[in-house]
Amino acid sequence: MTRRKKVYEGKAKILYEGPEPGTLVAYFKDDATAFNNQKHARLEGKGVLNNRISEFIMEKLNTISVPTHFIRRLNMREQLIREVEIIPLEVVCRNVAAGSIATRLGLEEGSALPRSIVEFYYKNDALQDPIVSEEHITAFNWASTQEIDDMVSLTLRVNDFLCGLFAAVGIKLIDFKLEYGRLYEGEMVRTIVADEISPDSCRLWDMTTNEKMDKDRFRRDLGGVTEAYAEVARRLGIMKDPPPNLTVVGETGAAE
Ligand code: UDP
């Protein structure tokens, strides 16, 4: 790898300065974390798969005029992206009850929600990303009402599109998380989709068996994490030959 300035290192990605101003290079690591970093493992090949799956989805979103930070994939583990100011919110869209909403509202996991629900969580590891309302978001100036409107409508468009995309390959989109950024273009600021869209940030269940094909395999110690991600990539027609040695290496921390 050439010597480049590291801008940020997160749990699953490293951001480097890009070749031109206003661009960054996102490097997808093999690291997997859950439960606020208490559980950690290196899943060989995960970064390669997420780079490809996220590229595939972001490119499709760009073609339906959902603006994203994605410019182009550079190699197996890296993609060129637009530099944005990240809005400190995780925007979750749910179609079926699972995970935290099932616990919080006492819903049976797998039960259909009356309609798609969009929720906001404040991005703060120390506070374990608490759920917040629009009142909190505007009062604390995390985002404006216009940005909230943009995020809700874009998220619902992404949901409609992804539900169809996955349904076509026998996968149910249970829920997913998006992050948004502010793109400054002269006088203009645009709200665009940032981060990644991959089995790390979505719940994906096989349409017929309900088998989990996402990060819950890691969170819940179900095994076969990268194999499931590779199967998602295979069904989407992205990767014909999944990378070899898809084994878990160096897992640490307690399961919940
Ligand atoms: N999610 C994520 N990052 C987070 C929290 C959630 O990508 O820090 C995704 C998660 O994979 C799922 C959706 O957002 O697809 C909803 O997650 P939930 O609130 O149920 O939390 P979890 O059960 O994952 O703690």
Query - Backbone N within segment 71-92 under 18 Å of label point (7 Å from LYS5 Cα along the Cβ vector) - result: 81-86
Report summary line: Yeah, the chain with a ≥ b ≥ c from its alpha-carbon gyration tensor (a/c under 1.5 is rounded, else prolate when a/b outruns b/c, oblate otherwise) is rounded
Report summary line: Karplus ³J(HN,Hα) for segment 220-225 (6.51 cos²θ - 1.76 cosθ + 1.60, θ = phi - 60°; Hz, whole; x = Gly/Pro) runs 9, 6, 8, x, x, 5
Report task. Mind listing the long-range amide H neighbours of LYS13? Cut-off is under 5 Å, sequence gap 5 or more, other chains count too, H placed in the peptide plane at 1.01 Å from N. Result -> LYS29
Query raised in the report: Full extension from ILE64 to THR23: what is 0.36 nm times the residue separation minus their Cα-Cα distance, to one decimal in nm?
Result: 12.5 nm
Report task. Only Lys, Arg, Asp and Glu count, each charged at its Cβ (+1, +1, -1, -1), so figure out the dipole size of the chain about its Cα centre, rounded to 20 debye. Result -> 680 debye
Report summary line: Calc'd 3J(HN,Hα), segment 23-39, phi into Karplus 6.51 cos²θ - 1.76 cosθ + 1.60 (θ = phi - 60°), Hz, glycine/Pro = x, comes to 10, 9, 10, 9, 9, 8, 7, 8, 6, 10, 10, 8, 6, 6, 6, 6, 10
Report task. With springs only between Cα atoms under 10 Å apart, run a GNM on the chain and tell me which of THR138, THR155, THR191 wobbles the most. Result -> THR138
Report summary line: HN-Hα couplings for segment 116-126 via Karplus (6.51, -1.76, 1.60; θ = phi - 60°), in whole Hz with x for Gly/Pro, come out as 5, 10, 10, 10, 10, 10, 7, 6, 7, 4, 4
Query raised in the report: Can you give the FRET efficiency for SER116 and ASN37, using 1/(1 + (r/R0)^6), R0 = 35 Å, r = Cβ-Cβ distance, to the nearest 0.05?
Result: 0.75
Query - Rounded, prolate or oblate (a/c below 1.5 giving rounded, otherwise prolate when a/b exceeds b/c) for segment 1-123 by Cα gyration tensor - result: prolate
Requested in this report: Please build a GNM for the chain, connecting alpha carbons under 10 Å apart, and tell me which residue among ILE171, ILE87, ILE64 fluctuates the most.
Outcome: ILE64
Query - Among TYR121, MET188, ALA228 - extreme Cα towards positive end, dipole of the chain, charges at beta-carbon - result: ALA228
Report summary line: Quick calc, segment 91-177, dipole around Cα centre from Cβ unit charges on Lys, Arg (+) and Asp, Glu (-), nearest 20 debye, gives 280 debye
Report summary line: To the nearest Å², the heavy-atom accessible area per residue of the chain with 1.4 Å probe amounts to 48 Å²
Report task. May I ask for the net charge around GLU17, where only other residues with Cβ less than 14 Å from the Cβ of GLU17 are counted and Lys, Arg are +1 while Asp, Glu are -1? Result -> +1
Query raised in the report: Looking at the square roots a ≥ b ≥ c of the eigenvalues of the Cα gyration tensor of segment 71-197, which shape do they give, rounded for a/c under 1.5, prolate if a/b is larger than b/c, or oblate?
Result: oblate
**Report entry** Cα lying deepest toward the dipole's positive end in segment 1-89, options LEU80, ASN62, GLY22, charges on Cβ
**Finding:** LEU80
Query raised in the report: Whose amide H sits under 5 Å from the amide H of LEU74, counting only residues 5 or more places off or on another chain, with H placed in the peptide plane?
Result: GLN79, LEU80
**Report entry** Nonlocal amide H pairs with TYR180, under 5 Å, H built at 1.01 Å
**Finding:** ILE87, LEU89, ALA194
Report task. For the chain, with a Gaussian network of springs between Cα atoms less than 10 Å apart, report the residue from PHE176, PHE140, PHE35 with the top mean-square fluctuation. Result -> PHE140
Query raised in the report: For the chain, what is the relative contact order in percent, using Cα pairs closer than 8 Å and at least 6 residues apart in sequence?
Result: 21 percent
Query - Helical mean residue ellipticity (222 nm; -39500 (n - 2.57) per DSSP H run of 4+; nearest 500) of the chain - result: -8500 deg cm²/dmol
Requested in this report: For LEU156, put the label point 7 Å out on the Cα→Cβ axis and report which residues of segment 177-220 keep their amide N under 20 Å from it.
Outcome: 177-181, 191-194
Report summary line: Any lysines whose Cα falls less than 17 Å from that of LYS11, other than same-chain ones fewer than 8 residues away, would be LYS29, LYS39, LYS46, LYS123, LYS177, LYS215
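The values are calculated or read from the model by the stated rules, or taken from the named source; none is laboratory data. Predicted model only: the values in this text are computed from it and were never measured. A quick note on method: Cβ atoms are made from the backbone with ideal geometry, for glycine too, and the neighbour counts reach across all protein chains shown. Remember, those area values only see protein heavy atoms, side chains included, never the ligands or the DNA or RNA. Shrake-Rupley method; radii C 1.70, N 1.55, O 1.52, S 1.80 Å.
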